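Structure, as C-alpha cells:
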Amino acid sequence: MPTAIRAEGTAGSGGSSRLDEREIVVEARNLSKIYRDFWGRSKKVALKPLDLEIRRGEIFGLLGPNGSGKTTTMKLLLGLIFPTSGESLVFGREATDVSKNERIGYLPEETYLYKFLDAEETLDFYGRLFDMPPEERKRRAAALIEMVGLGRDKKRQLKEYSKGMTRRIGVAQALINDPELVLLDEPTSGLDPIGTREMKDLIVDLKRRGKTVIMSSHLLADVEDVCDRIAVLHQGELKELGRVEDLLRVTDVTQIRAKGLSPAAEAEIREVLKRHGGKDIEIGNPTTTLEDLFLEVVRDTEARPGRRARRSDGTSGS
C-alpha cells in the first residue's frame, strides 16, 4: 500500500493550463442584475458586478447555494433577461444578439417539454426550430437518443418518463443543433446516483467532442468531478474563481507519497527514502475537498460581508 507522509511547508505549483491560450467564448464585464418592484425600487440584488471569462473547450462550473445568482448569470448570458449594468459577450457578440443562439444549447433547471410527444418527436420538433432538413433531423435525433441512453424508450410519451429520463431527453434537445457552447442549469437535479454518474460522464464526453460547457450546481461533488474551473457565487457575489485543483490545493502542507517502504522508513522523510526502497515517489501539495472550500467561503463571507473570500492558508482566489 502507498504511504503518505505530510509535513508543514510550501511547495511550488505547476505551469499554466493550455486553456489560457484558447479563445474566449464568454465574457462578462461588470455584469449585474437588480430586480425592482412596480415603483422601480430595488427588490432583489440577484447579481452584483461580475467579471468573468470562459474559454473554448473547458467545462466551467457556477457553484453556489440556491439564490446565489447562478441561474440569473446563465439567463443574462443567454439574453433571456437584460442586465442592470455591464455587458455580457458570447462569441464576441452581445448576449442580446439572437443570431448567436444557433451556436448554443441550453438545458434549463426545469425542462419544459411536450409530454404527449415521444423522444423522436421531441427532437424532431426542436430540430425544426433550427430549420434543419428532415434527413439531418432524423440522423441527429437517432444519434442523440442513443448518446443519452434512451434507445429502448424512444417511442414512449414523455409523460411516462422518470425525472432522470426527462433530464436526459432535455440534454438531447439542448444538443440537437450540434452547438459549440452548452449551458446546463442543475443538470443532475433529481437524479439518482447512477443517473448522476451517467450525466457527469456525458458532460465530460461533450468536452471531448470539442464543446464548451457551462454548468451550474449546488451539488459540490458534481462540480468537483467534471469542471476545469469554477466560480463560487454567494448572495449574488463572486467569492472564488479558479481551477479546481488550484483552489483545493493546501499550499502550506507538503505531501510525500512512496511505495514499498517499511514502517521504519516513515520517520525518515527525504534522505532515506531511496535507501529504504521507496518507489514512485510523489512530492506536491495535498488537496482539501470542494465541500470544505465552499463552506469556508460561505463562513468567511458571513464574517466579512462585501469582501473577497480569504482562504485559511492566507491566499485568495484568482
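Quick notes on this structure:
- Residue match in segment 112-127 (condition: within 30 Å of ALA46 (Cα to Cα), at pLDDT below 95, in the same structural domain as ALA174 (by TED's automatic domain parsing) and not hydroxyl-bearing (Ser, Thr, Tyr)): yes
- Every test in (1) out of contact with any helix residue (DSSP H, G or I) (no Cβ under 7 Å at 6 or more places or on another chain); (2) more than 20 Å from GLU186 (Cβ to Cβ) is passed by TYR112 save one, and that test is (2).
- Of the residues contained in segment 95-113, none is found to be among the acidic types (Asp, Glu), farther than 21 Å from ILE169 by Cβ, in contact with an Asp or Glu (Cβ under 8 Å, 6 or more places away or on another chain) and surrounded by fewer than 20 Cβ atoms within 10 Å (Cβ to Cβ).
- In segment 89-109, the residues that are among the β-branched types (Val, Ile, Thr) and farther than 27 Å from THR188 by Cβ: THR96, VAL98
- Filter result for GLU102 (out of contact with any Pro (no Cβ under 6 Å at 6 or more places or on another chain), touching a residue at least 24 places away in the same chain (Cβ under 8 Å) and not aromatic (Phe, Trp, Tyr)): yes
The rows are residues; the columns are (1) among the aliphatic types (A, V, I, L, M); (2) within 20 Å of the chain's Cα centre (by Cα); (3) in a helix (DSSP H, G or I).
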residue: ARG152; (1), (2), (3): no, no, yes
residue: GLN173; (1), (2), (3): no, yes, yes
residue: LEU183; (1), (2), (3): yes, yes, no
residue: GLY190; (1), (2), (3): no, yes, no
residue: ILE194; (1), (2), (3): yes, yes, yes
residue: MET199; (1), (2), (3): yes, yes, yes
residue: LEU202; (1), (2), (3): yes, yes, yes
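- Scanning segment 218-262 for residues that are modelled with pLDDT under 90, surrounded by 18 or more Cβ atoms within 10 Å (Cβ to Cβ) and of a type in the set (Gly, Ala, Ser) yields one hit, ALA258.
- Close contacts from segment 161-186, counting a first residue that is free of Cβ contacts under 8 Å to residues at least 24 places away in the same chain and not assigned by TED's automatic domain parsing to the domain that holds GLY64 and a second that is assigned to a helix (DSSP H, G or I) and basic (Lys, Arg), with Cβ to Cβ under 8 Å and a gap of 6+ residues or different chains, come to none at all.
- The residue list LEU158, LEU117 contains one member that is in contact (Cβ under 8 Å) with a residue 12 or more places away in the chain, aliphatic (A, V, I, L, M) and crowded, with 18+ Cβ neighbours inside 10 Å, which is LEU158.
- Residue match in segment 181-190 (condition: touching a Pro at 6+ places or on another chain (Cβ under 7 Å) and under 21 Å from THR122 (Cβ atoms)): yes
- Extreme residue, nearest to THR166 (Cα to Cα), among residues of segment 120-139 that are touching a residue at least 24 places away in the same chain (Cβ under 8 Å) and aromatic (Phe, Trp, Tyr): TYR126
- Annotation: of all residues in segment 94-114 being among the aromatic types (Phe, Trp, Tyr) and assigned to a loop (DSSP other than H, G, I, E, B), the one that is nearest to the chain's Cα centre (by Cα) is TYR112.
The values are calculated or read from the model by the stated rules, or taken from the named source; none is laboratory data. All of these numbers come straight from a predicted model, not from anything done at the bench. Reconstructed Cβ throughout: ideal geometry from the backbone, glycine too, with neighbour counts over all protein chains shown.
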